[in-house]
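Some notes on the structure that comes next.
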Amino acid sequence: MQQTLGKPADSYSPLYFLAALGAGGLSVTFFMYLMFWVPHEGRPVPVFEDIMAAFAGGAPALQGAIIVAALGILAMTFLNLKSLVWNFGALARFSKTDAYAKLRSSNAETTLLAAPLATAMSVNALFIVGLVFVPQLWSVIEYLFPLAMIAFATLGVWALRLIGDFLGRVLSQGGVFDVTANNSFAQLLPAFALAMIGVGFAAPAAMSTVPATVATSLVISTFFAVAAVIYTVVALIVAFGSMLQHGTAKEAGPTLMVIVPIVTILSILFLRQSHGLHTTFESHAAAGGTMVWLAQMIAVQVLFGMLGLTVLRRQGYFKDFVLGDKTSPGSYALVCPGVAFAVLMHFFVNKGLVGAGAIEKFGVAYWGLTGIALASQVLMIALVLRLNRQHFSKPRSAEAVPAE
(Lines give C-alpha, C1' and ligand atoms only; values in the text may rest on other atoms or scores of the structure.)
Protein backbone atom coordinates (compact mmCIF):
# COMPACT_ATOMS: atom_id res chain seq x y z
CA MET A 1 0.00 0.00 0.00
CA GLN A 2 1.38 3.42 -0.91
CA GLN A 3 1.95 5.79 1.99
CA THR A 4 0.34 9.20 1.75
CA LEU A 5 0.79 10.39 5.32
CA GLY A 6 3.51 12.84 6.24
CA LYS A 7 4.91 11.03 9.29
CA PRO A 8 4.44 7.69 11.02
CA ALA A 9 2.62 9.20 14.01
CA ASP A 10 -0.24 10.14 11.67
CA SER A 11 -1.13 6.45 11.71
CA TYR A 12 -2.25 6.53 15.33
CA SER A 13 -2.00 3.83 17.99
CA PRO A 14 -2.68 4.23 21.73
CA LEU A 15 0.86 2.94 22.21
CA TYR A 16 2.03 6.46 21.40
CA PHE A 17 1.13 7.24 25.02
CA LEU A 18 4.38 5.41 25.77
CA ALA A 19 6.21 8.41 24.32
CA ALA A 20 4.78 10.50 27.16
CA LEU A 21 5.53 7.72 29.64
CA GLY A 22 9.19 7.53 28.63
CA ALA A 23 9.74 11.27 28.95
CA GLY A 24 8.03 11.29 32.34
CA GLY A 25 10.20 8.42 33.50
CA LEU A 26 13.31 10.29 32.44
CA SER A 27 12.29 13.20 34.68
CA VAL A 28 12.42 10.72 37.57
CA THR A 29 15.98 9.68 36.62
CA PHE A 30 17.07 13.30 37.01
CA PHE A 31 15.29 13.56 40.35
CA MET A 32 17.46 10.67 41.56
CA TYR A 33 20.43 13.08 41.59
CA LEU A 34 18.62 15.27 44.09
CA MET A 35 17.10 12.39 46.02
CA PHE A 36 20.41 10.77 46.88
CA TRP A 37 23.02 13.52 46.55
CA VAL A 38 21.28 16.48 48.23
CA PRO A 39 20.99 16.32 52.05
CA HIS A 40 17.37 16.51 53.26
CA GLU A 41 17.39 15.87 56.98
CA GLY A 42 13.96 15.34 58.52
CA ARG A 43 12.26 14.79 55.17
CA PRO A 44 11.98 11.64 53.03
CA VAL A 45 12.56 13.65 49.83
CA PRO A 46 14.48 16.84 49.01
CA VAL A 47 12.44 20.00 48.50
CA PHE A 48 13.18 23.45 47.12
CA GLU A 49 14.77 24.71 50.34
CA ASP A 50 17.07 21.68 50.63
CA ILE A 51 18.17 22.05 47.03
CA MET A 52 18.88 25.77 47.35
CA ALA A 53 20.88 25.21 50.55
CA ALA A 54 22.92 22.47 48.90
CA PHE A 55 23.54 24.64 45.85
CA ALA A 56 24.66 27.61 47.97
CA GLY A 57 27.06 25.65 50.14
CA GLY A 58 27.94 22.69 47.98
CA ALA A 59 31.05 21.82 45.98
CA PRO A 60 31.15 22.70 42.26
CA ALA A 61 30.41 19.08 41.33
CA LEU A 62 27.22 19.08 43.43
CA GLN A 63 26.20 22.47 42.05
CA GLY A 64 26.65 21.15 38.52
CA ALA A 65 24.61 18.05 39.31
CA ILE A 66 21.79 20.20 40.71
CA ILE A 67 21.74 22.36 37.58
CA VAL A 68 21.68 19.30 35.31
CA ALA A 69 18.94 17.72 37.40
CA ALA A 70 16.75 20.84 37.41
CA LEU A 71 17.10 21.37 33.66
CA GLY A 72 16.53 17.67 32.99
CA ILE A 73 13.38 17.57 35.10
CA LEU A 74 11.97 20.64 33.35
CA ALA A 75 12.85 19.42 29.85
CA MET A 76 11.51 15.90 30.30
CA THR A 77 8.35 17.00 32.09
CA PHE A 78 7.70 19.42 29.23
CA LEU A 79 8.11 16.59 26.71
CA ASN A 80 5.88 14.39 28.86
CA LEU A 81 3.04 16.90 29.02
CA LYS A 82 3.39 17.91 25.36
CA SER A 83 3.14 14.28 24.28
CA LEU A 84 0.26 13.59 26.68
CA VAL A 85 -1.81 16.47 25.30
CA TRP A 86 -1.08 15.41 21.71
CA ASN A 87 -2.08 11.83 22.51
CA PHE A 88 -5.42 12.77 24.03
CA GLY A 89 -6.26 14.82 20.95
CA ALA A 90 -5.17 12.03 18.61
CA LEU A 91 -7.06 9.41 20.64
CA ALA A 92 -10.24 11.50 20.50
CA ARG A 93 -9.99 11.57 16.70
CA PHE A 94 -9.02 7.91 16.52
CA SER A 95 -12.02 6.88 18.62
CA LYS A 96 -14.34 7.98 15.79
CA THR A 97 -12.76 5.66 13.21
CA ASP A 98 -13.42 2.08 12.13
CA ALA A 99 -9.88 1.22 13.23
CA TYR A 100 -10.84 2.07 16.81
CA ALA A 101 -13.88 -0.20 16.69
CA LYS A 102 -11.67 -2.99 15.35
CA LEU A 103 -9.16 -2.39 18.14
CA ARG A 104 -11.90 -2.66 20.78
CA SER A 105 -12.78 -6.12 19.47
CA SER A 106 -9.22 -7.49 19.29
CA ASN A 107 -6.33 -8.42 21.59
CA ALA A 108 -5.03 -4.87 21.09
CA GLU A 109 -7.87 -3.45 23.21
CA THR A 110 -5.46 -3.51 26.16
CA THR A 111 -3.28 -0.89 24.43
CA LEU A 112 -5.85 1.64 25.69
CA LEU A 113 -4.35 1.11 29.17
CA ALA A 114 -1.37 3.13 27.96
CA ALA A 115 -3.51 6.25 28.49
CA PRO A 116 -4.07 5.96 32.29
CA LEU A 117 -0.52 4.61 32.60
CA ALA A 118 1.02 7.70 30.99
CA THR A 119 -1.35 10.04 32.84
CA ALA A 120 -0.36 8.52 36.19
CA MET A 121 3.28 9.09 35.28
CA SER A 122 2.48 12.72 34.46
CA VAL A 123 0.95 13.21 37.92
CA ASN A 124 4.14 11.82 39.46
CA ALA A 125 6.29 14.07 37.25
CA LEU A 126 4.29 17.16 38.23
CA PHE A 127 4.68 16.25 41.90
CA ILE A 128 8.45 16.16 41.38
CA VAL A 129 8.32 19.57 39.71
CA GLY A 130 6.45 20.90 42.74
CA LEU A 131 9.00 19.51 45.18
CA VAL A 132 11.95 20.91 43.25
CA PHE A 133 10.68 24.32 42.16
CA VAL A 134 7.92 25.47 44.53
CA PRO A 135 9.10 27.22 47.73
CA GLN A 136 7.38 26.25 51.00
CA LEU A 137 5.50 23.37 49.37
CA TRP A 138 6.33 21.11 52.31
CA SER A 139 4.39 23.39 54.66
CA VAL A 140 1.14 22.46 52.91
CA ILE A 141 2.05 18.94 51.81
CA GLU A 142 -0.46 17.23 54.11
CA TYR A 143 -3.28 19.06 52.34
CA LEU A 144 -2.01 17.87 48.96
CA PHE A 145 -1.94 14.17 49.79
CA PRO A 146 -5.75 13.73 49.81
CA LEU A 147 -5.95 15.58 46.50
CA ALA A 148 -3.25 13.34 45.04
CA MET A 149 -5.07 10.22 46.18
CA ILE A 150 -8.30 11.49 44.63
CA ALA A 151 -6.43 11.99 41.35
CA PHE A 152 -4.98 8.47 41.45
CA ALA A 153 -8.36 7.05 42.47
CA THR A 154 -9.85 8.60 39.32
CA LEU A 155 -7.08 7.03 37.25
CA GLY A 156 -7.59 3.73 39.04
CA VAL A 157 -11.29 3.65 38.22
CA TRP A 158 -10.49 4.51 34.59
CA ALA A 159 -7.92 1.71 34.34
CA LEU A 160 -10.12 -0.86 36.08
CA ARG A 161 -13.03 -0.05 33.78
CA LEU A 162 -10.86 -0.56 30.70
CA ILE A 163 -9.58 -3.84 32.12
CA GLY A 164 -13.13 -4.86 32.99
CA ASP A 165 -14.31 -4.14 29.44
CA PHE A 166 -11.53 -6.30 28.02
CA LEU A 167 -11.75 -9.22 30.44
CA GLY A 168 -15.55 -9.11 30.43
CA ARG A 169 -15.53 -9.47 26.65
CA VAL A 170 -12.90 -12.19 26.30
CA LEU A 171 -13.99 -14.27 29.32
CA SER A 172 -17.71 -14.16 28.62
CA GLN A 173 -17.46 -14.94 24.89
CA GLY A 174 -15.53 -17.95 23.71
CA GLY A 175 -13.07 -17.61 20.87
CA VAL A 176 -12.73 -13.82 20.82
CA PHE A 177 -9.18 -13.80 22.23
CA ASP A 178 -6.63 -14.74 19.59
CA VAL A 179 -4.14 -16.93 21.45
CA THR A 180 -1.92 -17.29 18.38
CA ALA A 181 -1.51 -13.48 18.28
CA ASN A 182 -0.58 -13.37 21.98
CA ASN A 183 3.05 -14.21 21.26
CA SER A 184 4.53 -11.28 23.19
CA PHE A 185 4.21 -9.66 26.61
CA ALA A 186 1.92 -6.94 25.24
CA GLN A 187 -0.88 -8.14 27.52
CA LEU A 188 1.16 -7.01 30.55
CA LEU A 189 0.27 -3.38 29.81
CA PRO A 190 -2.73 -3.48 32.20
CA ALA A 191 -0.45 -4.73 34.99
CA PHE A 192 1.97 -1.90 34.20
CA ALA A 193 -0.86 0.64 34.54
CA LEU A 194 -2.09 -0.86 37.82
CA ALA A 195 1.42 -0.77 39.25
CA MET A 196 1.93 2.87 38.22
CA ILE A 197 -1.31 3.90 39.90
CA GLY A 198 -0.35 1.89 42.96
CA VAL A 199 3.02 3.58 43.36
CA GLY A 200 1.29 6.95 43.19
CA PHE A 201 -1.05 5.86 45.97
CA ALA A 202 1.96 4.74 48.04
CA ALA A 203 3.63 8.18 48.07
CA PRO A 204 1.65 9.53 51.07
CA ALA A 205 2.66 6.43 53.05
CA ALA A 206 6.30 7.49 52.74
CA MET A 207 5.82 11.22 53.26
CA SER A 208 2.79 11.88 55.43
CA THR A 209 2.87 12.11 59.23
CA VAL A 210 -0.91 11.73 59.63
CA PRO A 211 -1.70 8.09 60.59
CA ALA A 212 -5.05 8.08 58.77
CA THR A 213 -3.43 9.31 55.56
CA VAL A 214 -0.61 6.77 55.84
CA ALA A 215 -3.03 3.90 56.55
CA THR A 216 -5.26 4.85 53.62
CA SER A 217 -2.22 5.04 51.36
CA LEU A 218 -0.96 1.65 52.55
CA VAL A 219 -4.26 -0.14 52.05
CA ILE A 220 -5.16 1.22 48.62
CA SER A 221 -1.62 0.93 47.24
CA THR A 222 -1.59 -2.68 48.44
CA PHE A 223 -4.76 -3.37 46.45
CA PHE A 224 -3.21 -2.08 43.23
CA ALA A 225 0.09 -3.84 43.92
CA VAL A 226 -1.65 -7.18 44.44
CA ALA A 227 -3.77 -6.65 41.33
CA ALA A 228 -0.65 -5.82 39.30
CA VAL A 229 1.21 -8.92 40.54
CA ILE A 230 -1.71 -11.27 39.83
CA TYR A 231 -2.26 -9.81 36.35
CA THR A 232 1.47 -10.03 35.61
CA VAL A 233 1.73 -13.70 36.58
CA VAL A 234 -1.35 -14.74 34.59
CA ALA A 235 -0.40 -12.73 31.51
CA LEU A 236 3.17 -14.06 31.58
CA ILE A 237 2.04 -17.68 31.71
CA VAL A 238 -0.50 -17.26 28.90
CA ALA A 239 1.90 -15.34 26.67
CA PHE A 240 4.95 -17.55 27.17
CA GLY A 241 3.16 -20.63 25.90
CA SER A 242 2.14 -18.82 22.74
CA MET A 243 5.68 -17.50 22.20
CA LEU A 244 7.17 -20.98 22.55
CA GLN A 245 4.77 -22.25 19.91
CA HIS A 246 4.69 -19.33 17.46
CA GLY A 247 7.81 -17.31 18.26
CA THR A 248 7.77 -13.68 19.37
CA ALA A 249 5.91 -11.15 17.22
CA LYS A 250 8.68 -8.96 15.86
CA GLU A 251 6.86 -5.63 16.13
CA ALA A 252 5.97 -6.42 19.77
CA GLY A 253 9.46 -7.63 20.70
CA PRO A 254 10.18 -4.71 23.10
CA THR A 255 7.36 -5.94 25.36
CA LEU A 256 9.62 -8.82 26.43
CA MET A 257 11.28 -6.32 28.76
CA VAL A 258 8.11 -4.76 30.20
CA ILE A 259 8.78 -6.75 33.37
CA VAL A 260 11.70 -4.38 34.07
CA PRO A 261 9.58 -1.24 34.66
CA ILE A 262 6.92 -3.23 36.49
CA VAL A 263 9.60 -4.49 38.90
CA THR A 264 10.95 -0.98 39.47
CA ILE A 265 7.53 0.50 40.13
CA LEU A 266 6.50 -2.25 42.54
CA SER A 267 9.88 -2.05 44.30
CA ILE A 268 9.46 1.68 44.89
CA LEU A 269 5.89 1.05 46.02
CA PHE A 270 7.05 -1.46 48.63
CA LEU A 271 9.91 0.81 49.75
CA ARG A 272 7.43 3.62 50.24
CA GLN A 273 5.17 1.33 52.23
CA SER A 274 8.11 0.13 54.33
CA HIS A 275 9.08 3.71 55.15
CA GLY A 276 5.52 4.55 56.18
CA LEU A 277 5.30 1.44 58.38
CA HIS A 278 8.61 2.42 59.96
CA THR A 279 7.89 6.09 60.68
CA THR A 280 4.20 5.82 61.58
CA PHE A 281 3.55 2.29 62.85
CA GLU A 282 6.95 1.33 64.33
CA SER A 283 7.44 -1.59 61.95
CA HIS A 284 11.12 -1.75 61.05
CA ALA A 285 12.83 -3.43 58.08
CA ALA A 286 16.44 -4.63 58.38
CA ALA A 287 18.95 -2.81 56.16
CA GLY A 288 20.60 -6.08 55.14
CA GLY A 289 17.26 -7.54 54.12
CA THR A 290 16.49 -4.48 52.01
CA MET A 291 19.87 -4.80 50.28
CA VAL A 292 19.32 -8.46 49.38
CA TRP A 293 15.74 -7.86 48.27
CA LEU A 294 16.78 -5.00 45.98
CA ALA A 295 19.56 -7.21 44.59
CA GLN A 296 16.91 -9.82 43.78
CA MET A 297 14.81 -7.24 41.98
CA ILE A 298 17.83 -6.08 39.97
CA ALA A 299 18.50 -9.73 39.09
CA VAL A 300 14.97 -10.13 37.73
CA GLN A 301 15.45 -7.01 35.61
CA VAL A 302 18.80 -8.17 34.24
CA LEU A 303 17.42 -11.59 33.33
CA PHE A 304 14.40 -10.23 31.47
CA GLY A 305 16.58 -7.56 29.88
CA MET A 306 18.95 -10.23 28.60
CA LEU A 307 16.01 -12.25 27.27
CA GLY A 308 14.52 -9.27 25.47
CA LEU A 309 17.79 -8.06 23.97
CA THR A 310 18.64 -11.58 22.77
CA VAL A 311 15.36 -11.93 20.92
CA LEU A 312 15.46 -8.39 19.52
CA ARG A 313 18.97 -8.90 18.17
CA ARG A 314 18.03 -12.23 16.58
CA GLN A 315 15.04 -10.58 14.91
CA GLY A 316 17.03 -7.54 13.75
CA TYR A 317 14.61 -5.23 15.55
CA PHE A 318 17.07 -2.41 16.21
CA LYS A 319 18.31 -2.42 12.62
CA ASP A 320 14.77 -2.17 11.28
CA PHE A 321 12.77 -0.13 13.79
CA VAL A 322 15.31 2.02 15.65
CA LEU A 323 18.18 2.60 13.24
CA GLY A 324 16.33 1.81 10.02
CA ASP A 325 13.37 3.18 8.08
CA LYS A 326 10.60 1.03 9.55
CA THR A 327 8.55 2.47 12.39
CA SER A 328 6.37 0.99 15.09
CA PRO A 329 4.78 2.85 18.01
CA GLY A 330 5.78 -0.13 20.14
CA SER A 331 9.39 1.04 19.81
CA TYR A 332 8.69 3.48 22.65
CA ALA A 333 8.40 0.44 24.91
CA LEU A 334 12.19 0.19 24.63
CA VAL A 335 12.56 3.37 26.70
CA CYS A 336 10.76 2.09 29.80
CA PRO A 337 13.18 -0.75 30.70
CA GLY A 338 16.28 1.45 30.46
CA VAL A 339 14.69 4.19 32.52
CA ALA A 340 13.36 1.76 35.11
CA PHE A 341 16.70 -0.03 35.44
CA ALA A 342 18.50 3.30 35.98
CA VAL A 343 16.06 4.32 38.73
CA LEU A 344 16.21 1.00 40.57
CA MET A 345 20.02 0.98 40.36
CA HIS A 346 20.06 4.29 42.23
CA PHE A 347 17.85 2.76 44.93
CA PHE A 348 19.94 -0.41 45.07
CA VAL A 349 23.17 1.54 45.48
CA ASN A 350 21.85 4.07 48.02
CA LYS A 351 19.07 2.31 49.94
CA GLY A 352 20.60 -1.13 49.55
CA LEU A 353 24.39 -1.11 49.56
CA VAL A 354 25.03 2.22 51.29
CA GLY A 355 22.11 1.73 53.67
CA ALA A 356 23.49 -1.65 54.79
CA GLY A 357 27.03 -0.31 55.09
CA ALA A 358 28.35 -2.52 52.29
CA ILE A 359 29.97 0.39 50.43
CA GLU A 360 30.89 3.95 51.28
CA LYS A 361 28.75 6.74 49.87
CA PHE A 362 30.58 8.68 47.15
CA GLY A 363 33.43 6.16 47.18
CA VAL A 364 34.95 4.39 44.15
CA ALA A 365 32.52 1.47 44.27
CA TYR A 366 29.62 3.88 44.69
CA TRP A 367 30.45 5.84 41.55
CA GLY A 368 31.26 2.71 39.61
CA LEU A 369 27.79 1.28 40.22
CA THR A 370 26.07 4.66 39.91
CA GLY A 371 27.83 5.05 36.56
CA ILE A 372 25.81 2.09 35.27
CA ALA A 373 22.58 3.93 36.11
CA LEU A 374 23.84 7.14 34.52
CA ALA A 375 24.89 5.32 31.35
CA SER A 376 21.44 3.73 31.05
CA GLN A 377 19.85 7.17 31.54
CA VAL A 378 21.96 8.77 28.80
CA LEU A 379 21.16 5.95 26.37
CA MET A 380 17.44 6.35 27.02
CA ILE A 381 17.59 10.12 26.46
CA ALA A 382 19.26 9.47 23.11
CA LEU A 383 16.66 6.82 22.28
CA VAL A 384 13.74 9.14 23.09
CA LEU A 385 15.16 11.89 20.90
CA ARG A 386 15.79 9.40 18.10
CA LEU A 387 12.28 7.93 18.24
CA ASN A 388 10.68 11.38 18.41
CA ARG A 389 12.51 12.36 15.22
CA GLN A 390 11.47 9.12 13.53
CA HIS A 391 7.80 9.27 14.43
CA PHE A 392 6.99 12.96 14.62
CA SER A 393 9.41 14.77 12.33
CA LYS A 394 10.95 12.46 9.77
CA PRO A 395 9.03 12.12 6.48
CA ARG A 396 7.60 8.67 6.13
CA SER A 397 9.77 6.41 4.03
CA ALA A 398 8.34 3.10 5.09
CA GLU A 399 5.04 1.79 6.31
CA ALA A 400 4.41 2.16 10.03
CA VAL A 401 3.85 -1.20 11.72
CA PRO A 402 1.20 -1.25 14.44
CA ALA A 403 2.22 -3.12 17.60
CA GLU A 404 -0.21 -5.17 19.62
Hey, can you tell me all the residues within region 60-89 that are touching a Phe, Trp or Tyr at 6+ places or on another chain (Cβ under 6 Å) and closer than 23 Å to Pro261 by Cβ?
Ala69, Gly72, Ile73, Asn87
Do the conditions hold for Thr216, that is, is it surrounded by fewer than 19 Cβ atoms within 10 Å (Cβ to Cβ) and of a type in the set (Ser, Thr, Tyr)?
yes
How many residues are without any contact (Cβ under 8 Å) to a residue 40 or more places away in the chain and under 30 Å from Leu15 (Cβ atoms) when one looks only at region 335-362?
0
Which of the residues spanning region 135-173 are under 30 Å from Phe55 (Cβ atoms), out of contact with any helix residue (DSSP H, G or I) (no Cβ under 6 Å at 6 or more places or on another chain) and not in a helix (DSSP H, G or I)?
Gln136
Please state which of the following conditions Val140 fails to meet, knowing it meets all the rest: (1) within 18 Å of Pro46 (Cβ to Cβ); (2) touching a residue at least 40 places away in the same chain (Cβ under 8 Å).
(2)
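Report yes if Ser331 is hydroxyl-bearing (Ser, Thr, Tyr), in a helix (DSSP H, G or I) and within 21 Å of Leu387 (Cα to Cα), otherwise no.
yes
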Just for region 291-331: of the residues that are closer than 20 Å to Leu353 by Cβ and polar (S, T, N, Q), which one is surrounded by the fewest Cβ atoms within 10 Å (Cβ to Cβ)?
Gln296
Exactly one of Lys96, Lys102 is part of a loop (DSSP other than H, G, I, E, B) and either out of contact with any helix residue (DSSP H, G or I) (no Cβ under 9 Å at 6 or more places or on another chain) or among the basic types (Lys, Arg) (or both), and that residue is Lys96
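Yes/no matrix, rows are residues, columns are (1) surrounded by 14 or more Cβ atoms within 10 Å (Cβ to Cβ); (2) among the hydroxyl-bearing types (Ser, Thr, Tyr):
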{"site": "His40", "(1), (2)": "yes, no"}
{"site": "Ala59", "(1), (2)": "no, no"}
{"site": "Ala69", "(1), (2)": "yes, no"}
{"site": "Ile73", "(1), (2)": "yes, no"}
{"site": "Ser83", "(1), (2)": "yes, yes"}
{"site": "Lys102", "(1), (2)": "no, no"}
{"site": "Glu109", "(1), (2)": "yes, no"}
{"site": "Ser122", "(1), (2)": "yes, yes"}
{"site": "Leu131", "(1), (2)": "yes, no"}
Using the structure shown, decide if Gln273 is closer than 18 Å to Gly352 by Cβ, among the polar types (S, T, N, Q) and touching a Pro at 6+ places or on another chain (Cβ under 9 Å).
no
Log entry, pairs with first residue in region 211-234 being touching a residue at least 40 places away in the same chain (Cβ under 8 Å), second being hydroxyl-bearing (Ser, Thr, Tyr), beta carbons closer than 6 Å, six or more apart or on different chains, reads Pro211/Thr280; Val214/Ser208; Val214/Thr280
Out of the residues in region 237-290 meeting the condition of being outside any helix (DSSP H, G or I) and surrounded by fewer than 19 Cβ atoms within 10 Å (Cβ to Cβ), tell me which one is modelled with the lowest pLDDT.
His284
Residue selected from region 367-404 under the condition among the hydroxyl-bearing types (Ser, Thr, Tyr) and modelled with pLDDT of 95 or more, by the criterion farthest from the chain's Cα centre (by Cα)
Thr370
With Phe177, Phe223, Phe185, Phe192 as the choices, which residue is among the aromatic types (Phe, Trp, Tyr), surrounded by fewer than 21 Cβ atoms within 10 Å (Cβ to Cβ) and in contact with a helix residue (DSSP H, G or I) (Cβ under 7 Å, 6 or more places away or on another chain)?
Phe177
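The values are calculated or read from the model by the stated rules, or taken from the named source; none is laboratory data. It should be emphasised that the depicted structure is a prediction, and the values quoted were computed from it without experimental measurement. All Cβ positions, glycine included, derive from the backbone under ideal geometry; neighbour counts span all protein chains shown.
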